[in-house]
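Scroll down for the structure; my scribbles are underneath it.
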Amino acid sequence: MALFQTFVGLEIHIHLLTKTKVFCGCKSAYGDKPNTNICPVCLGYPGVLPAVNKEALKMSYMVGTALNCELSPHTLFERKNYFYPDMTKNYQISQFSDPVGVNGWFEFETDGGIKRIRIHDVHLEEDAGKMIHDGNRTLLDYNRAGTSLLEIVTEPDFSTSEEAENFLQSFQRMVRYLGVCDGNMEEGSLRCDANISINKTGKGLGTKVEIKNLNSSRFVRKALQYEYKRQAKTIKNGGKIVQETRLWIEEKQKTRSMRTKETAHDYRYFPEPDIPPFVPDEMFMQSVNDSMVELPFVRKQRLQKAYSLTEEFAVFITEDKFRADFFEAVISAGAGAGTGTGTGTGTAVTGTPAPAAIAAIAATAAKWLKGETVKQLGRRNLELSDSPLSPIRFFSLMKMLSDGTIHANIARQLLELTLDQDEDPEILLERDVLAGSDDDAEIAEIIDSVLSNNPEAAVQIQEGNTKAVGFLMGQVMKASQGSADPKTVRILLMEKLTNKK
């Protein structure tokens with residue numbers, strides 16, 4: 001049994017994808033010229049009146065729903081009082097006593113299987129500005145001040161740094177699926193603080209230490225690993241852990257003390273007098289429910305079951321919502337086009353095993369999406385969403401490949417031409433003469449030439465060594481510059497070899 005037990009909780013902040021800030025009409029945008037998206041409201045001038053962004057509230061309730069929270073029927077905004085240069089009014093409009101949601105949970109996959117983490121609360125607030133430290137001076141950009149910021153606080157249910165990293169990655173996919181946040185940690189639109197305490201096994205929670213400056217899931221894992229070692233060493237040497245906030249210093253691969261940790265009473269919360277409580281009505285909650293989507297973890301399980309996808313392909317497909325939608329649109333195109341199954345698209349909804357023909361298309365599509373398609377898009381610096389490759393075009397290509405109309409080499413050429421010329425694969429196949437040659441006499445001549453140049457291979461086949469068949473077929477395909485139909489080549493080749501006996 002391990003000497004120490006680890007308890008980790010996360011505080012995740014996400015910028016909601018609203019066009020304007022949470023309490024004023026200023027534009028919410030990343031990368032604009034400093035101090036251009038500001039007004040008296042977000043700068044906290046005396047006498048101004050904030051007004052809540054309804055879209056921010058809707059997105060907040062969507063996240064609360066996705067995290068299985070008890071949603072508040074009466075959510076209240078409060079002032080969180082503290083002085084800091086990036087918060088000009090010396091308080092932050094936040095939520096404390098009545099947040100958007102409480103007592104939720106979220107399941108994700110980790111090395112130990114599926115784990116459920118409890119969600120303490122989800123609350124909506126405004127972000128602070130940004131400080132840029134430049135030598136011996138500090139510059140302030142208030143464009144970010146007042147941006148819609150949603151904070152998600154977990155319970156200390158993580159027992160390893162790897163679990164925390166996996167959770168954060170799963171959470172990032174979830175908010176991207178919902179369309180409420182772009183999840184870009186490098187731009188600060190998803191930020192994470194980690195709280196860690198260790199104690200002797202079986203003794204419960206220890207003294208909590210908060211770690212800030214974690215702008216990637218990898219940094220979360222590394223910082224927690226370092227902090228565990230630091231705290232364990234301190235306790236072993238008879239020292240005492242101090243409740244504090246520490247910074248992760250990536251260059252030095254260590255944390256350093258920043259300040260002693262505040263508690264709730266230090267902030268002197270009191271109700272925001274200028275914003276009445278928000279009471280969601282039936283129409284509002286219906287709009288929230290109508291905006292919900294199938295989340296990546298559930299979708300991955302369904303696709304694996306429906307199409308017998310491997311873990312590797314299922315993870316790749318569902319990692320990105322557009323890619324997963326694209327994949328399912330390809331399958332729907334197959335069912336709608338009629339693949340000899342007589343079924344519709346119901347299998348893609350229920351997750352019941354798909355008929356063999358559709359499952360074959362799905363397997364081929366998954367393989368080509370992850371392999372050749374990613375490669376060709378990368379060469380052109382294209383995203384799938386920005387490319388000329390539609391689900392219908394991709395299905396057409398996969399069907400021709402699956403039923404033997406074309407072989408892999410021609411499919412690869414057709415994919416490249418589709419991306420370069422924005423044309424349907426069938427048109428390209430006919431126009432650019434990429435289809436397998438129908439002239440059996442021409443193929444037969446090529447086979448005769450190949451057999452003449454490789455008599456030892458023909459002898460090996462006649463003696464029972466079937467591996468030489470692949471070699472001869474390769475020589476024929478090479479001589480035909482890839483234009484010959486592989487099925488036709490094999491039939492004619494075996495006929496020639498049989499006649500030689």
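The values are calculated or read from the model by the stated rules, or taken from the named source; none is laboratory data. Because the structure is a prediction, the values reported are computed rather than measured. A quick note on method: Cβ atoms are made from the backbone with ideal geometry, for glycine too, and the neighbour counts reach across all protein chains shown.
Tabulated values for the structure
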| quantity | calculated |
| --- | --- |
| Residues of segment 306-315 classified as surrounded by fewer than 21 Cβ atoms within 10 Å (Cβ to Cβ) and not in a loop (DSSP other than H, G, I, E, B), total | 3 |
| Selection count, segment 223-273, where residues are of a type in the set (Phe, Trp, Tyr) and within 30 Å of His74 (Cα to Cα) | 3 |
| Contacts under 8 angstrom Cβ, first residue in segment 395-406 being in the same structural domain as Ala335 (by TED's automatic domain parsing) and hydroxyl-bearing (Ser, Thr, Tyr), partner buried (at least 23 other Cβ atoms within 10 Å of the Cβ) and modelled with pLDDT of 85 or more, 6 or more apart | Ser396/Pro425; Ser402/Ile361 |
| Every residue from segment 25-62 that is touching a helix residue (DSSP H, G or I) at 6+ places or on another chain (Cβ under 7 Å) and modelled with pLDDT of 95 or more | Lys58, Tyr61, Met62 |
| Residues of segment 151-188 that turn out to be within 30 Å of Thr201 (Cα to Cα) and part of a helix (DSSP H, G or I), as a count | 11 |
| Strands (runs of 3 or more DSSP E) contained in segment 204-267 and holding at least 3 residues closer than 30 Å to Ile93 by Cβ and touching a Leu at 6+ places or on another chain (Cβ under 8 Å) | 209-214 |
| Scope segment 372-382; condition exposed (fewer than 11 other Cβ atoms within 10 Å of the Cβ) and under 19 Å from the mean Cα position of the chain (by Cα); matching residues | Gly378 |
| Residue, farthest from Asn35 (Cα to Cα), within segment 76-101, restricted to residues that are outside any loop (DSSP other than H, G, I, E, B) and out of contact with any strand residue (DSSP E or B) (no Cβ under 6 Å at 6 or more places or on another chain) | Tyr84 |
| Among (1) at pLDDT 95 or above; (2) touching a Ser or Thr at 6+ places or on another chain (Cβ under 9 Å); (3) surrounded by fewer than 15 Cβ atoms within 10 Å (Cβ to Cβ), the one test that Val22 misses | (3) |
| Residue, farthest from the chain's Cα centre (by Cα), within segment 268-284, restricted to residues that are part of a loop (DSSP other than H, G, I, E, B) and among the hydrophobic types (A, V, I, L, M, F, W, C) | Ile275 |
| Identity of the residue in segment 191-205, among the hydrophobic types (A, V, I, L, M, F, W, C) and touching a Phe, Trp or Tyr at 6+ places or on another chain (Cβ under 6 Å), that ends up farthest from Tyr228 (Cα to Cα) | Leu205 |
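Residue by residue, here is whether (1) in the same structural domain as Glu78 (by TED's automatic domain parsing); (2) hydroxyl-bearing (Ser, Thr, Tyr); (3) surrounded by fewer than 22 Cβ atoms within 10 Å (Cβ to Cβ); (4) touching a strand residue (DSSP E or B) at 6+ places or on another chain (Cβ under 9 Å) holds:
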residue: Val153; (1), (2), (3), (4): yes, no, yes, yes
residue: Ser161; (1), (2), (3), (4): yes, yes, yes, yes
residue: Ala164; (1), (2), (3), (4): yes, no, no, yes
residue: Asn184; (1), (2), (3), (4): yes, no, yes, yes
residue: Ser189; (1), (2), (3), (4): yes, yes, yes, yes
residue: Val209; (1), (2), (3), (4): no, no, no, yes
residue: Arg218; (1), (2), (3), (4): no, no, yes, no
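Every residue, every condition in (1) under 18 Å from Cys69 (Cα atoms); (2) surrounded by 14 or more Cβ atoms within 10 Å (Cβ to Cβ), yes or no:
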| position | (1), (2) |
| --- | --- |
| Leu247 | no, yes |
| Gln253 | no, no |
| Arg256 | no, no |
| Thr260 | no, no |
| Phe278 | yes, yes |
